[in-house]
Ligand SMILES: Cc1cc2nc3c(=O)[nH]c(=O)nc-3n(C[C@H](O)[C@H](O)[C@H](O)COP(=O)(O)OP(=O)(O)OC[C@H]3O[C@@H](n4cnc5c(N)ncnc54)[C@H](O)[C@@H]3O)c2cc1C
């Protein structure tokens, strides 16, 4: 019997378990998946939780439900990977041997990386919304908040779902408008990049949104520390931004497991071949989803496209064939713009988001880079698609793993 | 767009970044620095060498990376390339501006 072990049962790991169970011969391959938590969170829902759009129940389910019966599921913390011995150590000291390993441990926030961030004011007037706990604490705060300076801040890139902070700003504008206190809330978006939108075509098409919603922008801001006593964030160039309520996206890092195993880079992301998804360090170790160092967006949709290609490559690896160098960084994201509207963008490593229609060239029904109600419905439908198709590894009709240029206004 | 720098014709984008790294020479870097009102010193060139190394290995550049580079600390980096240090340093190094999502 041979062993294929998947580390992490989040979006990517769960998808791989579902894909592989139907492709590998059950009598020769034993598939095992390990995760530390019982709960599988619908992370895209964390964007909506603070605004009371989703309830806590809508963003979490029992993870085991999504793992096929033929796959062995272990709920435990993974301590270390020992590539030289093809071995994984669990917290209980249990050892697992693997012939093929898939790392899918995602990324998580590391607020302790910034001085003053995770201090006494954490989850009091400094919040994150990238965790269930943070999003829920922020919801409770918003329910009673009477207004002031709301600062939405990105610590450093890369972060998962890079558009989520901007969507958060748009939703905050709608939320406080609906509450009738928008005039008492001052919204500022602070980013280390040179704009809220950084690709030229997206900036041109979308900058009006910030103006329309009266959201101020502070750009090129590389935070040095949070002065939580005086409610200021300060950057290396000594620029200061005052806040009453700080919503920050802390540094995103891979799990410390990768550091312990000597498999991570500066941010504990796994150096991975960007076309094949094989890790650079070991031929029998593959990586997928947010845990890789690929220059692609860290998003569920990207993991979905990667999963189709990785499944093929695992099969080729088993047959000792050359791996398919096919992954092109394809990403497809809805961007919530508030007031029941959304945008859709579709892009890859080299092609920036452009206008057009999706998935049917010239027909749509979704429009690229343009606000519409139907895009918003798409975003809301994504929750259903996520639980019922995406993580179960069901192919989403008409959307291919590599980006299509059809129906797009290129240049 | 074509542009003449240090008597060499190079291709640049709208923002002034070289679009073809093979056209880069130290003189070209010097000219770009001058346009940015930066006087290049040995320390500056050490940073540029570090950036080239990262670029060759296809490793993304970041402020954090600078912190761990062993070449300089972040405060010094800001002093050497005032304004947007990463943007200016990559422009002088002749490589694309560090990219991000949208
Ligand atoms: C606010 C927000 C909004 C988002 N919106 C969107 C969106 O609209 N569209 C979209 O496509 N994507 C969105 N995303 C991104 C999407 O959720 C992630 O890209 C996706 O979940 C990545 O999947 P993954 O499997 O790589 O990581 P995860 O789903 O995070 O899974 C990693 C798993 O590994 C486990 N793990 C890690 N280390 C260990 C260890 N040492 N031992 C045991 N288990 C371990 C974790 O417990 C976790 O279950 C959003 C994310 C956030 C935070």
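The values are calculated or read from the model by the stated rules, or taken from the named source; none is laboratory data. Source: prediction; values computed, not measured. We place every Cβ from the backbone using ideal geometry, glycine too, and count neighbours over all the protein chains shown.
With respect to the conditions (1) away from the ligand (no atom under 14 Å from the Cβ); (2) not in a loop (DSSP other than H, G, I, E, B), residue A:346 lacks only one, and its number is (1).
Of all residues in region A:42-53, none satisfies being near the ligand (Cβ under 9 Å from one of its atoms), more than 30 Å from residue A:144 (Cα to Cα) and touching a helix residue (DSSP H, G or I) at 6+ places or on another chain (Cβ under 7 Å).
Of all residues in region A:360-383, those being in a helix (DSSP H, G or I) and either free of Cβ contacts under 8 Å to residues at least 24 places away in the same chain or out of contact with any strand residue (DSSP E or B) (no Cβ under 7 Å at 6 or more places or on another chain) (or both) number 5.
Residues that are surrounded by 20 or more Cβ atoms within 10 Å (Cβ to Cβ), part of a loop (DSSP other than H, G, I, E, B) and either more than 8 Å from the ligand (Cβ to nearest atom) or more than 21 Å from the chain's Cα centre (by Cα) (or both) within region A:4-29 comprise just one, A:24.
So is residue A:163 more than 28 Å from residue A:408 (Cα to Cα), out of contact with any helix residue (DSSP H, G or I) (no Cβ under 8 Å at 6 or more places or on another chain) and surrounded by 22 or more Cβ atoms within 10 Å (Cβ to Cβ) or not? So residue A:163 does not fit the description; no. Considering only region A:69-76, I want to know if a residue exists there that is farther than 30 Å from residue A:319 by Cβ, in the same structural domain as residue A:104 (by TED's automatic domain parsing) and more than 20 Å from the chain's Cα centre (by Cα). Scanning region A:69-76, I find at least one residue that is farther than 30 Å from residue A:319 by Cβ, in the same structural domain as residue A:104 (by TED's automatic domain parsing) and more than 20 Å from the chain's Cα centre (by Cα), so the answer is yes. When A:159, A:100 are checked against the criterion of being within 30 Å of residue A:22 (Cβ to Cβ) and either modelled with pLDDT under 95 or away from the ligand (no atom under 16 Å from the Cβ) (or both), A:100 stands alone in meeting it. Restrict the check to region A:170-188 and report whether at least one residue is under 25 Å from residue A:265 (Cα atoms) and surrounded by fewer than 22 Cβ atoms within 10 Å (Cβ to Cβ). Checked against the condition, which is being under 25 Å from residue A:265 (Cα atoms) and surrounded by fewer than 22 Cβ atoms within 10 Å (Cβ to Cβ), region A:170-188 yields no hits at all. Is it the case, given these coordinates, that residue A:125 is surrounded by fewer than 15 Cβ atoms within 10 Å (Cβ to Cβ), assigned by TED's automatic domain parsing to the domain that holds residue A:246, closer than 30 Å to residue A:169 by Cα and more than 15 Å from the ligand (Cβ to nearest atom)? The answer is no for residue A:125. The residues of region A:30-41 that are within 8 Å of the ligand (Cβ to nearest atom) and either outside any strand (DSSP E or B) or outside the structural domain of residue A:72 (by TED's automatic domain parsing) (or both), listed by number, are A:36, A:37.
Residue A:348 meets the stated requirement of being touching a strand residue (DSSP E or B) at 6+ places or on another chain (Cβ under 8 Å) and either surrounded by fewer than 22 Cβ atoms within 10 Å (Cβ to Cβ) or not assigned by TED's automatic domain parsing to the domain that holds residue A:397 (or both). Restricted to chain B, the set of helices (runs of 4 or more DSSP H) holding at least 1 residues that are more than 14 Å from chain A (Cβ to nearest Cβ) and either surrounded by 15 or more Cβ atoms within 10 Å (Cβ to Cβ) or free of Cβ contacts under 8 Å to residues at least 24 places away in the same chain (or both) comprises B:26-35, B:42-56, B:85-93. Restricting attention to region A:258-292, the residues that are in contact with a strand residue (DSSP E or B) (Cβ under 6 Å, 6 or more places away or on another chain) and within 14 Å of chain B (Cβ to nearest Cβ) total 8. Quick check on residue B:44: is it at pLDDT 95 or above and either over 13 Å from the mean Cα position of the chain (by Cα) or under 24 Å from residue A:239 (Cβ atoms) (or both)? It is true that residue B:44 is at pLDDT 95 or above and either over 13 Å from the mean Cα position of the chain (by Cα) or under 24 Å from residue A:239 (Cβ atoms) (or both). Looking across region A:226-251, just one residue is part of a strand (DSSP E or B) and within 11 Å of chain B (Cβ to nearest Cβ), and that is A:235.
Scanning region A:311-341 for residues that are within 12 Å of the ligand (Cβ to nearest atom) and in contact (Cβ under 8 Å) with a residue 40 or more places away in the chain yields a total of 6. Examine region A:306-320 for a residue that is at pLDDT 95 or above, more than 14 Å from every other protein chain (Cβ to nearest Cβ) and in a loop (DSSP other than H, G, I, E, B), and state whether such a residue exists. For region A:306-320, residues at pLDDT 95 or above, more than 14 Å from every other protein chain (Cβ to nearest Cβ) and in a loop (DSSP other than H, G, I, E, B): present. Within region A:36-82, being closer than 19 Å to residue A:381 by Cβ and loosely packed, with under 14 Cβ neighbours inside 10 Å holds for A:55, A:57. Filtered by the rule that a residue be touching a residue at least 60 places away in the same chain (Cβ under 8 Å) and over 17 Å from residue A:305 (Cα atoms), region A:268-284 gives A:269, A:270, A:279, A:281, A:282, A:284. Residue A:282: more than 26 Å from residue A:383 (Cα to Cα), within 11 Å of the ligand (Cβ to nearest atom) and in a loop (DSSP other than H, G, I, E, B), yes or no? It is false that residue A:282 is more than 26 Å from residue A:383 (Cα to Cα), within 11 Å of the ligand (Cβ to nearest atom) and in a loop (DSSP other than H, G, I, E, B). Scanning region A:129-176 for residues that are over 25 Å from residue A:10 (Cβ atoms) and without any contact (Cβ under 8 Å) to a residue 12 or more places away in the chain yields A:140, A:144.
Kindly indicate whether residue A:106 is on the phi > 0 side of the Ramachandran plot, surrounded by 14 or more Cβ atoms within 10 Å (Cβ to Cβ) and within 19 Å of the chain's Cα centre (by Cα). In short, yes. Based on this model, can you work out whether residue A:296 counts as more than 9 Å from the ligand (Cβ to nearest atom) and surrounded by 17 or more Cβ atoms within 10 Å (Cβ to Cβ)? Yes; evaluated as a whole, the condition is true for this residue.
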